[in-house]
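Would you mind keeping the following structure in view while I ask a few things?
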Amino acid sequence: MEKIRCLIIGGGPAGYTAAVYASRSSLAPVLYEGMEPGGQLTTTTVVENYPGFKDGVDANELMNQMRAQAQRFGADIRRGSVTKADLSQRPFRITVDGEHEIEAETLIIATGATAKYLGLPSETRFRGAGVSACATCDGFFYRRKDVAVVGGGDSACEEATYLAGLCNKVYMIVRRDVFRASKAMQERVFATPNIEILWNCNTQEVLGDENGVTGVRLIRKNGEVFDIKVDGFFLGIGHHPNAELFAPWVQTDENGYIITEGKTTKTNVEGVFAAGDVQDPKYRQAITAAASGCRAALDAERFLLEKMNQ
């Protein structure tokens, strides 16, 4: 059985940054990237709001650079997915790809959160070419254009009001005749003149061509089918934190996000830390994920030092 001082699970901004800091702290970290190296960020194209790149940066290139930086400092970055975990005692027992067993003195969970999609083939086809699940990430590209937002909860209302400050017009596609959002969020939407709400509507298909999204085909509850012309199609139906594997031991909130202690990345399990979107239902940005990865590595280093001195 392989023994590791610091095991990092997840290959997004949080995981790679944790690997940079853990390597520089001589923790000899091992990072498993999972099924999606680079994380959710790689589903977009150009990242405009990451500091240090005045003209923006290609999302995959940003992740490749983070990965290479961690490797330069000695991080052992591996392909593979954690399939089993036992956090009942230290060292923690982790199984990778159903066969490789590891004992880890500390564990940093940076498995992220997956955006919820409708499941349409056309939605998949235009992902990154007009279809997005992050208005604050991609909204800038649709300045003075028309866009659509799917959803009727707080997430959708927040996305729509953000986009309304950038875009010419925002359609909200709501499958019922009422919002699920809080009253305060509803009032913000109703008070925004360039948001048009399409009640009792479901998305049948995202329309587009070789240049990207051109519109959306909708169906009303009464069976009427009609198209709207938009340049962007945003999902506002929530995210799913990738924490199920650890939920038997690590405390989560009602939506499945890992709960951390105060301003630290500590979980309720001593020696287990959480970073990035798996513990962040609010911001979900590359920069905040990277920052929490830094904090997680520093927390893990301090934890190990305290154990050594006991």
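Are there any strands (runs of 3 or more DSSP E) wholly within the range 105-182 with 3 or more residues that are in contact (Cβ under 8 Å) with a residue 24 or more places away in the chain and over 22 Å from A286 (Cβ atoms), and if so which? Outline the logic, then answer.
Details: elements: 113-115, 146-150, 169-173.
The strands (runs of 3 or more DSSP E) meeting that bar are 146-150, 169-173.
Taking the range 216-234 as the search range and keeping residues that are in a loop (DSSP other than H, G, I, E, B) and among the acidic types (D, E), which one is surrounded by the fewest Cβ atoms within 10 Å (Cβ to Cβ)?
Going residue by residue through the range 216-234, those that are in a loop (DSSP other than H, G, I, E, B) are 221-224, 230-231.
The next check asks that each one be among the acidic types (D, E); those that pass are 224, 231.
Working: E224: 10, D231: 20.
Across the range 216-234, the extreme among qualifying residues is E224.
Moving on. Quick one: is D138 surrounded by 18 or more Cβ atoms within 10 Å (Cβ to Cβ), modelled with pLDDT of 95 or more and either out of contact with any strand residue (DSSP E or B) (no Cβ under 8 Å at 6 or more places or on another chain) or not assigned by TED's automatic domain parsing to the domain that holds Y50 (or both)?
In short, no.
If you don't mind, there's one more thing I want to ask. Suppose we keep only residues that are outside any helix (DSSP H, G or I) and in contact (Cβ under 8 Å) with a residue 60 or more places away in the chain within the range 282-310. Which one would you say is farthest from the chain's Cα centre (by Cα)? First the steps, then the outcome.
Of the residues in the range 282-310, the ones outside any helix (DSSP H, G or I) are 282-285, 309-310.
Still in the running and in contact (Cβ under 8 Å) with a residue 60 or more places away in the chain: 284-285.
Working: R284: 6, Q285: 7 Å.
Checked the range 282-310; the qualifying residue farthest from the chain's Cα centre (by Cα) is Q285.
Assuming T42 fulfils every condition listed in (1) in a helix (DSSP H, G or I); (2) surrounded by 18 or more Cβ atoms within 10 Å (Cβ to Cβ); (3) modelled with pLDDT of 95 or more apart from one, which condition is it?
It is condition (3) that T42 fails.
Output the residues belonging to the range 263-281 that are in a loop (DSSP other than H, G, I, E, B), in contact with a strand residue (DSSP E or B) (Cβ under 8 Å, 6 or more places away or on another chain) and among the aliphatic types (A, V, I, L, M).
Once the filter is applied, which keeps residues that are in a loop (DSSP other than H, G, I, E, B), in contact with a strand residue (DSSP E or B) (Cβ under 8 Å, 6 or more places away or on another chain) and among the aliphatic types (A, V, I, L, M), the range 263-281 yields only A275.
Here's another thing I want to ask about it. Checking the conditions here, which among G238, G276 is in contact (Cβ under 8 Å) with a residue 12 or more places away in the chain, in contact with a Lys or Arg (Cβ under 6 Å, 6 or more places away or on another chain) and at positive phi?
Testing whether each residue is in contact (Cβ under 8 Å) with a residue 12 or more places away in the chain, in contact with a Lys or Arg (Cβ under 6 Å, 6 or more places away or on another chain) and at positive phi leaves just G238.
With N60, N64 as the choices, which residue is surrounded by 15 or more Cβ atoms within 10 Å (Cβ to Cβ) and either modelled with pLDDT under 90 or not in a helix (DSSP H, G or I) (or both)?
Just a single option satisfies the conditions, and that option is N60.
Does G153 satisfy being under 17 Å from the mean Cα position of the chain (by Cα), modelled with pLDDT under 90 and assigned by TED's automatic domain parsing to the domain that holds K229?
No: the conditions fail for G153.
Quick one: in the range 235-258, of everything that is modelled with pLDDT of 95 or more and assigned to a strand (DSSP E or B), which residue is surrounded by the most Cβ atoms within 10 Å (Cβ to Cβ)?
Selected residue: I258.
The values are calculated or read from the model by the stated rules, or taken from the named source; none is laboratory data. The model shown is predicted, which means the values in this text are computed figures rather than measured ones. Don't worry about glycine lacking a Cβ; one is built from the backbone with ideal geometry, like all the others, and counts go over all protein chains shown.
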